[in-house]
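A short worksheet on the structure shown next.
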Ligand SMILES: NC(=O)c1ccc[n+]([C@@H]2O[C@H](COP(=O)([O-])OP(=O)(O)OC[C@H]3O[C@@H](n4cnc5c(N)ncnc54)[C@H](O)[C@@H]3O)[C@@H](O)[C@H]2O)c1
């Protein structure tokens, strides 16, 4: 744990999702008192928290961040030192099909949480040590040409999808709560995460689990879209540092410097499965098919994380090839998790 001030009381929103559950496991393991607030949407999975659910320093509250009274009551009772806000609708394709819930949860829910946090913060004497860390995405910056350029913290926002537009709107709300009310907020903008416990609707687990079922592997367009992949544990390590040691009012970019186009990622998964669980007489690569591109599909994301590295001493520990191999192995060894009755 990067804080020297001993265990803290931490609210994690969205703690039953992919990144949130990794954060809960990390912070509970480090001895902090964690209260996970999660609505348990389709994206949640309570199995992600099996290892900590009975620990005395973990508590779960099923609640919607859009429900002001419920959120206020939880904050009043739990009295957090910090809020780590991850709850969101997070899947771009779903936002294209229906944007309403993205506006509701990502924008209205964030404003609701900010209001509750300000009330709580004021009731505790407006301590300068309180923290509200809003976890956002690099997608708010729009996309880049394939020319080596990077997203910096000063890059103007230019979101493309309803998902990234809703995250951009919530980021602006969070910074305005700092400027207007003085709430000690921080924002992190992270690139694409991967690792164990990720919902199978997302690219890497989607491809692994379809391949294991010998189904086609649908790649958008020509598979040329480039993402900067970061292992979820490296993201959580960054959040840990930003939360306790970041400067209130600041934003920090988080990214692994692992640029890969989608086709290369899918081929990498196929090659790993060819070694780990070979199909009779053919490679998994033969399952790859190309489908009509996603509307408004961003070409390339790439992060400059030098501020986080130089100010807070963060660096990613997982290189992509090893991290991908571990992830493929995890999905192979944990079929119960993704084939289970809760249906992921
Ligand atoms: N996954 C990535 O690659 C990535 C990258 C950068 C930033 N982020 C951000 O990190 C956060 C977490 O992402 P994730 O991939 O873990 O998402 P996820 O979809 O796996 O989990 C989201 C969690 O939020 C909960 N939730 C949704 N609506 C809620 C509501 N109204 N009230 C309470 N809980 C609610 C869900 O039940 C779920 O447990 C999101 O804010 C996302 O924008 C994700």
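Residue-normalised convex hull volume from the C-alpha trace of the range 256-331: 115 Å³ per residue. Ordering 287-297, 47-57, 200-210, 181-191 by mean Cβ neighbour count within 10 Å, with the highest value first, yields 181-191, 200-210, 47-57, 287-297. Take the Cα coordinates of the range 55-154, assign each an equal point scatterer, and use the Debye formula without solvent to give log10 I(q)/I(0) at q = 0.25 Å⁻¹. Here log10 of I(q) over I(0) equals -1.36.
Using only the Cα atoms, what convex hull volume per residue in Å³ does the range 1-108 have? The partial results should precede the final answer.
Values: hull volume 10.7 nm³, N = 108.
In the range 1-108, the Cα convex hull volume per residue is 99 Å³.
Dividing the mean sequence gap of close Cα pairs (under 8 Å, 6+ apart) by how many residues the range 1-129 holds gives a relative contact order of 26 percent. For the chain, what is the calculated [θ] at 222 nm in deg cm²/dmol (nearest 500), taking -39500 (n - 2.57) for each run of four or more DSSP H residues and dividing by its residue count? Only helices count here, giving -11500 deg cm²/dmol. Compared with the dominant Cα axis of the chain, that is its longest principal axis, helix 232-245 is turned about 20°.
P(r) tail, the range 231-286: Cα-Cα pairs separated by more than 17 Å, 59% of all pairs.
In the calculated pair-distance distribution of the range 32-95, the portion above 14 angstrom amounts to 63 percent of the Cα-Cα pairs. Over every Cα atom in the range 1-52, the radius of gyration and the widest Cα-Cα span, Dmax, amount to 11.1, 37 Å.
The range 37-82 and the range 83-113 have Cα centres separated by 17 Å. Running a GNM on the chain with Cα contacts under 10 Å, which residue among 256, 268, 281 ends up with the highest mean-square fluctuation? Maximum among the listed residues: 281. In the chain, the DSSP beta bridges split such that about 10 percent are antiparallel, to the nearest 5.
Modelled this way, with points 7 Å down the Cα-to-C-beta line, the labels at residue 326 and residue 108 are 4.0 nm from one another.
The alpha-carbon atoms of the range 161-286 define a convex hull whose volume equals 122 cubic angstrom per residue. The long axis of helix 110-123 is offset from the longest Cα principal axis of the chain by roughly 30 degrees.
Calculated over the chain, the projected area of the Cα convex hull averaged across directions stands at 16.6 nm².
Would you work out the relative contact order for the chain, in percent, from Cα pairs under 8 angstrom that are 6 or more residues apart?
For the chain, the relative contact order is 18 percent.
Zone of residue 154 (label point 7 Å along Cα→Cβ, backbone N under 17 Å): which residues in the range 247-286? Under 17 Å, as judged by backbone N against the label point of residue 154, lie 250-253 of the range 247-286. For a quick check, take a GNM of the chain with Cα springs below 10 Å and name the residue from 246, 20, 255 with the largest mean-square fluctuation. Per the Cα network of the chain with a 10 Å cutoff, 246 tops the list.
Show me 107-120, 323-336 ranked by packing, highest mean number of other Cβ atoms within 10 Å first.
On the way: 107-120: 21.1, 323-336: 17.1.
Top to bottom by mean Cβ count within 10 Å: 107-120, 323-336.
Its relative contact order, with pairs defined as Cα atoms under 8 Å and 6+ residues apart, puts the range 59-212 at 26 percent.
Since every read-out is calculated from the coordinates, none of them should be taken as a lab result. The structure presented is a predicted model; accordingly, all values stated were derived computationally and were not measured. All Cβ positions, even for glycine, are placed from backbone atoms using ideal geometry, and neighbour counts span all protein chains on display.
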